[in-house]
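Throughout, read-outs are computed from the coordinates displayed, never taken from laboratory work. This one's a predicted model, so the numbers in the text were calculated from it and none came from an experiment. Using ideal geometry, Cβ is built from the backbone for each residue, glycine included, and neighbour counts are taken over all protein chains shown.
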Amino acid sequence: MKKVFLLLAFVMLASLGKTYADEGMWLPMFVERLNYTDMREAGLQLTAEEIYSVNNSSLKDAIVGLSTSPSPSGFFCTGEIVSDQGLMFTNHHCGYDIIQQHSTLDHDYLTNGFWAKSLDEELANPELTASFLIRMQDVTDSVMQNVSDTMDGQQRSAAMREVSSRMKKAASEDGRYNVVLKSFFNGNEYYMFVYEVYTDVRLVGAPPSDIGKFGGDTDNWMWPRHTGDFSIFRVYSAPDGSPADYAEENIPLKPKHYLPISLDGVQEDDFAMIWGFPGSTDRYLTSYGVNFNLDAQYPAIIDLFGKKLDVWKPFMAADQQVNIQYASKHAVTANTWKYLIGQTRGLKNLAVADKKIQLENQFTAWVNANPERTEKYGEVLSTLKSSYAMMADKIEPLLYTSFAGLNGSEIVGYALDFSGLYELLKPIDKKELPKDKDMAKKMKDEREQQIKASAEALLAEVDEHFKNYYAPADKKLLATMLNEYYLHVPVNMQTPLVYQKFNEYKGSFDNYAEEVFEKSVFAEKQRLVNFLNNPDFKTLDKDPALELGNAFMDKMMKASGEFQSAQASLSESERLFMAGLREMQSDKVFYPDANSTMRMTWGTVQSYEPADAIQYDYVTTSKGILEKEDPTDPEFIVPEYLKTLIENRDFGPYGENGELIICFLSTNDITGGNSGSPVINGKGELIGIAFDGNWEAMSGDIAFEPELQRTINVDIRYVLFVIDKFAGATNLIDELTIHKAVPQPLRTETVEM
Ligand code: ARG
């Protein structure tokens, strides 16, 4: 007996010493109440007020939500302010699209990197915005006053929209702030977020892709990693410090807070927290939802994205111009494709559905134990089950119409941008014309004006579209996507046009695509410009790309209508399931799913065991860069000068015992949208930039796996090494506040670099 007891105590101690919070993306507003004491114990040295404060500057003021909208409701990535001049770090893959937009064959910043040596060399980005959270507020009570239990999903969202617009108006302070209302815990709670949005954000620096994307799609979502996944921007304000669109007179932002940088590096078990804007997780998904994803949803998307990548690849490899044009589209598609493959694998390997079933059985027993609960929650699981079954029946045509049709080849989606013009060009029906001659003329004149305005607006976008467009690749893609559509969607559920063309072209979608590209005005820039200078109805009416677009659009409307009715009961049941779970596990502190609002996650620097007998270290070093080098593989090329620096062990102040640390692992709970987030030590200093998750736990968005799930971060010392030693951009280093602990007596100093 005693032995067992001792062993147990030992196991408990060992686990106490090792695992801290890890799971949970916490709302900063509640950090003091829910997390602070544990965080202190784990190594946090800041006060709660230094972390999140509405009245004083605090850590949250250095965290930036990145978007391409001037009034965003969500963010594609996170950035952090690192100097009193508005300098911002994020990931290379977050800046990738922008770096690509600025790249040409002559100025190929994707390949060669980009470094502004002074403010006037920084590059403007009209669409990029940087949002700072001013405050957040629980508005559940106000929202709930407007909704009742008898409302269905649609009525609920209408009621919510109504409250939301009222609150937004009040909180926006005459448009100064962007106010966003979000639902939490599947519609059981509501919070309001007030942001200040800066719209002048300039590109300052980016390493060559051979550093920023080293390892490419092969290493993506995997450890061990050796990627310098960072890029640098600067937020600008009007001279008075307020947000302003790009203007020459704008000045670098004077931030409320910026992160100092630590050169002390990481040790296993060190405290680490990550702040940012995780996009979306589904931690409370039921087993029915998991199986729906696995069986009905993911296979189609994996199939179509994989085919798309296969089509693009040879065109990109053959021509550097095309390689630049398609770089960003390819990266985004490849990233999602691999994510879905990894998630499928993870969900199966880790038997996630089985674990969900256990919880659901527990739920059912709890519900059945009490008549009031049965009344309230008795139907929840069976409704979820039947809703998913109905959706599974309807989803295939929807997915293929969307991903093979409307969003398959680019020409189809682009043609649909012209639907408005097409409607305007339709000859006015005689019956619609007023009898009165003058009135009739007025109507016709008005229509002419509208046509002119529409054509001009479309003309203004033409360059932008064709800049990143290569028709031969898209032609091949059209044939491939139509073929997939034809093969996968049951004939009676297809749009008749595809079936008809299949017969007409004797089964060759290649020949049909040839015809489409020969005839369509959307296939070639000059053709389209000529048309827009003199638009006529007939051209669009017989355009084969628009014909396809319209056919798919038609199908989409029908298919999504059917799908939505199956979906309608789902959201209400999900809300109830969530409410029931929280009631059942009333001792547990629940954290809300990610929804593109600011979150904090804390944990430790930690290694892991991906499989039996394999132990992964928690850091990678420059040695691995040389080991992975392969001059014949574009994903594993090491820039000559980087190699020289590594071979000479020329790491400057950024090395550690003669070695350069490249990336490290931590147990933080993050997801897409957290990319670019700061990894911060107990003293509030920046020690890394988060950029990825690991292959063995790709089911993490649905179920957190404490033993396996890790965040992959680029070590801040590698970032500074690349800026300083590799690129020689010492102007940027000079702006940073760099800390290094000095032993004996132990203290922290700001060092001049
Ligand atoms: N997997 C990373 C994420 O979703 C993106 C990594 C980009 N790198 C790449 N090789 N595509 O945040």
Would you work out which of 293, 337, 317 lies farthest towards the positive end of the dipole of region 289-337, given +1 charges on the beta-carbon of Lys and Arg and -1 on that of Asp and Glu, about the Cα centre?
-> 317
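Could you work out Rg/(2.2 N^0.38 Å) for region 112-188, with Rg from alpha carbons only?
Values: Rg = 19.4 Å, N = 77, 2.2 N^0.38 = 11.5 Å.
That works out to 1.69 for region 112-188.
What does the net charge come to around residue 497 if you take all other residues with beta carbon closer than 12 Å to its beta carbon, with K and R at +1 and D and E at -1?
Details: positive: 501, 555; negative: 504, 547, 554.
Residues near residue 497 contribute -1 overall.
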Placing each pseudo-label 7 Å from Cα in the direction of the beta carbon, residue 568 and residue 170 end up separated by a distance in nanometres of 3.2
In whole angstrom, and with the biggest value first, how far do the Cα coordinates of the chain range along each principal axis?
-> 93, 72, 55
Starting with the highest mean, order 220-230, 187-197 by the number of other Cβ atoms within 10 Å, averaged over the residues of each peptide.
-> 220-230, 187-197
Kyte-Doolittle mean at least 0.5 and Cα axial length at least 18 Å: DSSP H helices in the chain = 2-18
Give me the orientation-averaged projected area of the Cα convex hull of region 505-576, in nm², one decimal.
-> 8.0
Choose one of 682, 56, 522: the residue whose Cα lies farthest towards the positive end of the charge dipole of the chain (beta-carbon charges +1 Lys, Arg; -1 Asp, Glu; about the Cα centre).
-> 522
Taking R0 as 22 Å and r as the Cβ-Cβ distance between residue 68 and residue 256, the FRET efficiency 1/(1 + (r/R0)^6), rounded to the nearest 0.05, comes to 0.40
Over the chain: helical MRE at 222 nm, DSSP H runs n ≥ 4 each giving -39500 (n - 2.57), nearest 500 | -14000 deg cm²/dmol
About the Cα centre of region 360-508, what is the dipole size in debye to 20, counting +1 per Lys and Arg Cβ and -1 per Asp and Glu Cβ, all else neutral?
-> 520
Cβ charges +1 (Lys, Arg) and -1 (Asp, Glu), total dipole of region 170-229, debye = 60
Distance in nm between pseudo-label sites at residue 635 and residue 519 (7 Å out along the Cβ direction from Cα) | 4.1
With an 8 Å cut-off on Cα pairs and a minimum separation of 6 or more residues, tell me the relative contact order of the chain in percent.
-> 23
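Taking each pair of distinct Cα atoms in region 150-293 once, what is the resulting Kirkwood hydrodynamic radius in Å?
Working: mean 1/r = 0.0490 Å⁻¹.
Across region 150-293, the inverse of the average 1/r is 20.4 Å.
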Sorted by packing (mean other beta-carbon atoms within 10 Å per residue), highest first, where do 544-556, 347-359, 319-331 land?
-> 544-556, 319-331, 347-359
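Report the gain in length on full extension from residue 751 to residue 151: 0.36 nm times residue separation, minus Cα-Cα distance, nm rounded to one decimal.
Values: separation 600, 0.36 × 600 = 216.00 nm, distance 6.11 nm.
Computed gain between residue 751 and residue 151 is 209.9 nm.
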Please report, in cubic angstrom per residue, the volume enclosed by the convex hull of the alpha-carbon atoms of region 400-505.
-> 134
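So between residue 741 and residue 345, what do we pick up on full extension, going 0.36 nm a residue minus the alpha carbon distance?
Details: separation 396, 0.36 × 396 = 142.56 nm, distance 4.33 nm.
Here the answer is 138.2 nm.
Rounded if a/c is under 1.5, else prolate if a/b beats b/c, else oblate: with a ≥ b ≥ c from the C-alpha gyration tensor eigenvalues square-rooted, which is region 411-457? Write down the numbers at each step before the final one.
Details: a/c = 6.09, a/b = 2.17, b/c = 2.81.
The shape class here is oblate.
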Applying the gyration tensor rule to the Cα atoms of region 612-753 (axes a ≥ b ≥ c; rounded if a/c under 1.5, else prolate if a/b exceeds b/c, else oblate), the class is oblate
5 Å binning of all Cα-Cα separations within region 282-343, expressed as whole percents from 0 upward = 4, 17, 23, 18, 13, 10, 7, 5, 3, 1
Mind ranking 63-72, 250-259, 118-127 by how tightly packed they are, going by the mean number of other C-beta atoms within 10 angstrom, highest first?
-> 63-72, 250-259, 118-127
